[in-house]
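Colleague: Encoded as structure tokens, here's the structure I'll be asking about.
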Amino acid sequence: MGVHECPAWLWLLLSLLSLPLGLPVLGAPPRLICDSRVLERYLLEAKEAENITTGCAEHCSLNENITVPDTKVNFYAWKRMEVGQQAVEVWQGLALLSEAVLRGQALLVNSSQPLEPLQLHVDKAVSGLRSLTTLLRALGAQKEAISPPDAASAAPLRTITADTFRKLFRVYSNFLRGKLKLYTGEACRTGDR
């Protein structure tokens with residue numbers, strides 16, 4: 001091995017380390033999120049997490065109210081928004097949702113009886129949100145969100161609270177199926193022109 005050569009395992013390690021930071025990964029297609037199968041995988045994981053909490057009562061309580069994005073979409077208003085405004089709403093929602101899931105993860109770890117299946121889905125949600133953040137950065141959504149045409153007129157993010165893992169996962173699932181899917185669809189269409 002020469003002085004400037006790097007073993008393959010080191011490149012893999014560096015690639016994996018860059019994922020949580022949102023840095024581009026070597027060989028990752030910049031518009032991967034535009035493939036509907038990619039988003040569908042995250043939607044399926046979110047729905048599974050929501051379903052696992054269906055019969056869960058006292059063990060699924062968060063023991064505090066956690067602020068999450070309101071997932072209701074006014075389709076008429078959404079269609080009239082510029083893509084940059086949509087990006088702002090998605091980035092804010094994704095950031096708040098990520099904070100909420102991380103808080104839920106911390107509460108679960110510190111609980112006296114953590115449930116293994118629930119822990120698995122919370123961990124998957126944390127990983128999924130990090131991956132989605134990376135995929136949106138590759139799409140250029142962060143750039144749009146930082147400098148939308150009329151950032152001053154952007155409305156503050158509407159929020160609600162979640163007091164159970166069921167509600168937290170329902171918000172996660174609805175956010176992906178709603179605002180995230182609408183935004184990526186529009187961003188991918190406008191990027192193809």
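Colleague: Which value in Å is the Kirkwood Rh of the range 31-191 over different Cα pairs?
Modeller: One decimal place: 16.1 Å for the Kirkwood radius.
Colleague: Compute the FRET efficiency between Arg80 and Leu44 as 1/(1 + (r/R0)^6), taking r as their Cβ-Cβ distance and R0 = 30 Å, and round to the nearest 0.05. Write down the numbers at each step before the final one.
Modeller: Values: r = 31 Å, r/R0 = 1.02.
About 0.45, to the nearest 0.05.
Colleague: So, one more: Apply the Karplus curve 6.51 cos²θ - 1.76 cosθ + 1.60, θ = phi - 60°, to the phi angles in the range 164-169 and return the couplings in whole Hz, x for Gly and Pro.
Modeller: Here the 3J(HN,Hα) series is 9, 5, 4, 5, 4, 5 Hz.
Colleague: May I pose another question? Working out 0.36 nm times the residue gap between Leu120 and Leu102, then minus their Cα-Cα distance, what length gain in nm do you get to one decimal?
Modeller: That pair, Leu120 and Leu102, stretches by 5.2 nm at full extension.
Colleague: Another question, then. Can you figure out the FRET efficiency of Cys188 with Asn110, using R₀ = 41 Å and their beta-carbon distance, to the nearest 0.05?
Modeller: Values: r = 40 Å, r/R0 = 0.97.
Approximately 0.55, to the nearest 0.05.
None of the figures in this text is laboratory data; all of them are computed from the coordinates on show. Worth saying up front: this structure is predicted, and the values here are computed from it rather than measured. No Cβ is skipped: glycine too gets one built from the backbone with ideal geometry, and neighbour counts run over all protein chains shown.
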